[in-house]
């Protein structure tokens, strides 16, 4: 048990008293993320207002052996920001400043607590955007996005968060401030330490500021929703889209079961009359609207698509997107889903899904499989729903066993057990399905080199 | 002195005898790179044919404390592939296989010895390319490109090599084979070890295979060569180009002094009549040729450009490119250049160049400054020419002193002492101008964690 009074005393000359809280509501709020399955139990929440204050806090924690959990928008889905063992939570919520947009260099320097959507709004008047975009952008913060290398719905066009970070300011476990890469596009001077902090979920240091790389806002986009016969047809459609007369901005997929639960929850109409088992949502930036229409017409002539619709304006595009983006919420509202966020090489997707179907049919015939995801990136959200007559505890025990079977398949096909959600607490028991013993040994040795006392977000990703 | 017979015996069961050479020509060829300033003195050259053979070689070298220098196309400009102290050179020259192009996933798996241009030719029939492109592409190899995070003339559009690597196979100092990330676009499972090996110049392991990410071949490009009045006008033109009706593929710059030496060496005509002090080469993929012509016409109306020419076909485009790409060779052919490859934040370029001019004018008034580079990336090649009447040794001593003054300026403006060439041997004495003591301590600790005996390309980037 951490002594809260002693911890307050330790931090007294690092932060003013009103930047610390042990209010029970704050402990509950800032001690968890969206996973909701872990009971939060931090000792204290710190709200530093600058990189210097973060450094002062971490130097004192290092000296006294206090574990620290960095905390952003807490929208993570793997427990990476959970504090359940008397840690100090270091929230970036009071570090939200955004500097001026540089319209020539295409950069903006922001503090780590800046909210993703606020960055978008800050850049939009310049015709620019930070193309990191996903459903939780109204709450997620830049620092958390970078610490988790966030993905989302535009990865096929723009890549992961990693590609959109020029400079980082990081505070290490012992309180050193690293100013990494500044605002440089090119800097080949040995190991790029930015990359070591991106995606390591705050286990090696705390990101406090970032120089973000921006890109032009795209021209108005067109959304197509297409119904096809099976997964093979989804992949054939993707192959056709690779050669289409447009820039592909998104290529998403969901099954009829996902749509049925969305319709039940949101009372929306089907997008078109023909019932299909597999749906594809494509967002494209057409070079020429007529060429796009001709390309789409050929899909029907060639039997690649069974039915479909194309947005004529922004509100129709948004309505089609809501069918895809409402799925996760609809599954939770209509039942108890068990979620996995996996990735496969595209070439292995069909064989993997066939084996997954067979596995579930053989062992768990009464589980409903709701499959959707960013299939253009090889990224599937594999959701299985608890059968109504199965007790929750029994279902959870069985999903644990099923995960081992699913991840064995993932490994067989060269996939990832966590495409974009990260490892955190939720997946760490399964990490060896995606990373070899030699890789894990190197990961641990780098953790020990940077955080010898194991105080930075301890117990996340792996135990030492 | 390494005992060559003992080294051959050590490797006898790792490689057939015809995969080893101590022929003096081979020692001289494979012991150096394009820097040419270091005397090569390796003990032996190994030409393994597979990742397994590389692992067998490295395991034996680890056991016996033999230092290893990985060797690709040897086109580096920083001495990163130089072996001058009895090392084993491990050449990837016999590992050039290229797998089938996957036109849906947009990937190709190749061995590290595949030559950059061969990869381009392998992918082109599919309408695809690996967009890593620079003057030495006919000799440079994929593994070396990745180990040095190569840049080039298309970075402004495509980014550095780092962005175009999906998977890596790496052999560690102790001979472990790491298969990192496979063919996955998304894989958030803790520290991305690919990033640790990219750009570290073979000091942490040997890259033996890679899964490359491909992109569509661009549509035919248009090249504009424009003359402007000064550096400020170059930057104003860049700002205009950011908003132009096209995709910007390259934005390069050179001065009249560079052009004069190119004309002297290659006997080419001036690109247009008006003599200008500053020249910009832009390559663009126009959305609409008429809009591009109108945009270019406005540059002259607004006085942004003084004169210029625009390519009407591929051969004219190539002729304009040759003016830019021939500079480096022309400087060496017409005198003795001392080269620096630096980067600045774009916002600092003007102030930096003004101070650089003042510095050189005050201390070295008879040195000719030939400035060119990838200015859209903030990347300047700063070349100073030896005055005819200054002895070479005296010039080299003075450039050493001048480098400290130049790098002090680079540091003041938040720049990099090596934008794309790397550190190798040539720049390691200056590394502290770009990396802080805390950064260097972490870089050393990671080196020690991965290569505790300091056998992987020892003495490159920094000494332990």
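Consider residue A:269 carefully, then state whether it is more than 14 Å from chain B (Cβ to nearest Cβ), part of a loop (DSSP other than H, G, I, E, B) and surrounded by fewer than 22 Cβ atoms within 10 Å (Cβ to Cβ).
So residue A:269 fits the description; yes.
Output the residue which, of all residues in the stretch A:404-423 that are within 22 Å of the chain's Cα centre (by Cα) and part of a loop (DSSP other than H, G, I, E, B), is farthest from residue A:328 (Cα to Cα).
Going through the qualifying residues, I end up with A:414.
Quick check: anything in the stretch B:182-201 touching a helix residue (DSSP H, G or I) at 6+ places or on another chain (Cβ under 6 Å), more than 7 Å from chain A (Cβ to nearest Cβ), in a strand (DSSP E or B) and surrounded by 24 or more Cβ atoms within 10 Å (Cβ to Cβ)?
For the stretch B:182-201, residues touching a helix residue (DSSP H, G or I) at 6+ places or on another chain (Cβ under 6 Å), more than 7 Å from chain A (Cβ to nearest Cβ), in a strand (DSSP E or B) and surrounded by 24 or more Cβ atoms within 10 Å (Cβ to Cβ): absent.
Report, by residue number, each residue of the stretch A:241-257 that is modelled with pLDDT under 95 and either in a helix (DSSP H, G or I) or under 23 Å from the mean Cα position of the chain (by Cα) (or both).
A:242
Please work out if residue B:179 is under 30 Å from residue B:375 (Cβ atoms) and either surrounded by fewer than 23 Cβ atoms within 10 Å (Cβ to Cβ) or touching a strand residue (DSSP E or B) at 6+ places or on another chain (Cβ under 9 Å) (or both). Full working, then the answer.
Details: under 30 Å from residue B:375 (Cβ atoms): no; either surrounded by fewer than 23 Cβ atoms within 10 Å (Cβ to Cβ) or touching a strand residue (DSSP E or B) at 6+ places or on another chain (Cβ under 9 Å) (or both): yes.
Answer is no for this residue.
Before we move on, is residue B:231 surrounded by 24 or more Cβ atoms within 10 Å (Cβ to Cβ) and in contact with a helix residue (DSSP H, G or I) (Cβ under 7 Å, 6 or more places away or on another chain)?
The answer is no for residue B:231.
Of everything in the stretch B:374-386, what is more than 14 Å from every other protein chain (Cβ to nearest Cβ) and touching a helix residue (DSSP H, G or I) at 6+ places or on another chain (Cβ under 6 Å)? Give them in sequence order.
Across the stretch B:374-386, the qualifying residues are B:383, B:386.
Looking at (1) over 29 Å from residue B:329 (Cβ atoms); (2) at pLDDT below 95, which one does residue B:184 not meet, given that it meets all the others?
(2)
I'd like the full set of residues that are facing chain B (nearest Cβ under 10 Å), in contact (Cβ under 8 Å) with a residue 60 or more places away in the chain and assigned to a loop (DSSP other than H, G, I, E, B), limited to the stretch A:425-451.
A:427
Go through A:233, A:260, A:240, A:297 for me and flag whichever is over 21 Å from residue A:385 (Cα atoms) and without any contact (Cβ under 8 Å) to a residue 24 or more places away in the chain.
Going through A:233, A:260, A:240, A:297 in turn, the sole match is A:297.
Tell me the helices (runs of 4 or more DSSP H) entirely within the stretch A:60-179 that contain at least 1 residues that are touching a helix residue (DSSP H, G or I) at 6+ places or on another chain (Cβ under 7 Å), within 11 Å of chain B (Cβ to nearest Cβ) and under 27 Å from residue B:165 (Cα atoms).
The helices (runs of 4 or more DSSP H) meeting that bar are A:155-158.
What single numbered condition from (1) surrounded by fewer than 24 Cβ atoms within 10 Å (Cβ to Cβ); (2) under 30 Å from residue B:279 (Cβ atoms); (3) free of Cβ contacts under 8 Å to residues at least 60 places away in the same chain; (4) within 11 Å of another protein chain (Cβ to nearest Cβ) fails to hold for residue B:462?
So the condition that residue B:462 fails would be (2).
Looking at (1) more than 8 Å from chain B (Cβ to nearest Cβ); (2) closer than 15 Å to residue A:199 by Cβ; (3) without any contact (Cβ under 8 Å) to a residue 40 or more places away in the chain, find the lone condition where residue A:408 falls short.
Residue A:408 satisfies every listed condition except (2).
Could you tell me whether the stretch B:172-179 includes any residue that is within 30 Å of residue A:381 (Cα to Cα) and modelled with pLDDT of 95 or more?
Checked against the condition, which is being within 30 Å of residue A:381 (Cα to Cα) and modelled with pLDDT of 95 or more, the stretch B:172-179 yields at least one hit.
When you scan the stretch B:15-25, do you find a residue that is in contact with a strand residue (DSSP E or B) (Cβ under 7 Å, 6 or more places away or on another chain), surrounded by fewer than 16 Cβ atoms within 10 Å (Cβ to Cβ) and in a loop (DSSP other than H, G, I, E, B), even just one? Reasoning before the result, please.
Within the stretch B:15-25, the first condition is being in contact with a strand residue (DSSP E or B) (Cβ under 7 Å, 6 or more places away or on another chain), and the residues that meet it are B:15, B:19-22.
Filter again for surrounded by fewer than 16 Cβ atoms within 10 Å (Cβ to Cβ), leaving B:22.
If we keep only those that are in a loop (DSSP other than H, G, I, E, B) as well, we get B:22.
Yes, that holds for at least one residue.
Which of the strands (runs of 3 or more DSSP E) found entirely inside the stretch B:307-391 contain at least 1 residues meeting this: surrounded by fewer than 19 Cβ atoms within 10 Å (Cβ to Cβ)? Break it down stepwise before answering.
Values: elements: B:307-310, B:337-343, B:368-373, B:379-385.
Here the list reads B:307-310, B:337-343, B:368-373.
With B:392, B:428, B:398 as the choices, which residue is within 25 Å of residue B:34 (Cβ to Cβ) and modelled with pLDDT under 95? Please lay out each step first, then the result.
Numbers: B:428 fails: modelled with pLDDT under 95; B:398 fails: modelled with pLDDT under 95.
Being within 25 Å of residue B:34 (Cβ to Cβ) and modelled with pLDDT under 95 holds for just one of B:392, B:428, B:398, which is B:392.
Could you tell me whether any residue of the stretch A:395-403 is without any contact (Cβ under 8 Å) to a residue 24 or more places away in the chain and either closer than 24 Å to residue A:201 by Cβ or under 16 Å from the mean Cα position of the chain (by Cα) (or both)? Steps first, answer last, please.
First pass over the stretch A:395-403, keeping only residues without any contact (Cβ under 8 Å) to a residue 24 or more places away in the chain: A:397, A:400-401.
Then keep just the ones that are either closer than 24 Å to residue A:201 by Cβ or under 16 Å from the mean Cα position of the chain (by Cα) (or both); that gives A:400.
For the stretch A:395-403, residues without any contact (Cβ under 8 Å) to a residue 24 or more places away in the chain and either closer than 24 Å to residue A:201 by Cβ or under 16 Å from the mean Cα position of the chain (by Cα) (or both): present.
Kindly indicate the residue of the stretch B:443-457 that is surrounded by fewer than 18 Cβ atoms within 10 Å (Cβ to Cβ) and out of contact with any helix residue (DSSP H, G or I) (no Cβ under 7 Å at 6 or more places or on another chain) and also nearest to residue A:443 (Cα to Cα) among those meeting that condition.
Quick first cut of the stretch B:443-457, residues surrounded by fewer than 18 Cβ atoms within 10 Å (Cβ to Cβ) only: B:444-445, B:448, B:452-454.
So of that shortlist, the ones also out of contact with any helix residue (DSSP H, G or I) (no Cβ under 7 Å at 6 or more places or on another chain) come out as B:444, B:448, B:452, B:454.
Numbers: B:444: 16, B:448: 13, B:452: 15, B:454: 19 Å.
The selected residue is B:448.
Suppose the filter is under 25 Å from the mean Cα position of the chain (by Cα) and at pLDDT below 95; does residue A:376 pass it? Quick ask: steps written out before the conclusion?
Numbers: under 25 Å from the mean Cα position of the chain (by Cα): yes; at pLDDT below 95: yes.
For residue A:376, the condition - under 25 Å from the mean Cα position of the chain (by Cα) and at pLDDT below 95 - is met.
Give the number of residues within the stretch B:78-106 that are crowded, with 23+ Cβ neighbours inside 10 Å and farther than 29 Å from residue B:418 by Cβ.
Within the stretch B:78-106, residues that are crowded, with 23+ Cβ neighbours inside 10 Å and farther than 29 Å from residue B:418 by Cβ number 1.
Select from the stretch A:352-373 the residues that are within 14 Å of chain B (Cβ to nearest Cβ) and at pLDDT 95 or above and list them in ascending order.
The one that is within 14 Å of chain B (Cβ to nearest Cβ) and at pLDDT 95 or above: A:352.
The values are calculated or read from the model by the stated rules, or taken from the named source; none is laboratory data. This one's a predicted model, so the numbers in the text were calculated from it and none came from an experiment. Glycine also receives a Cβ, built like all others from the backbone with ideal geometry; neighbour counts cover every protein chain displayed.
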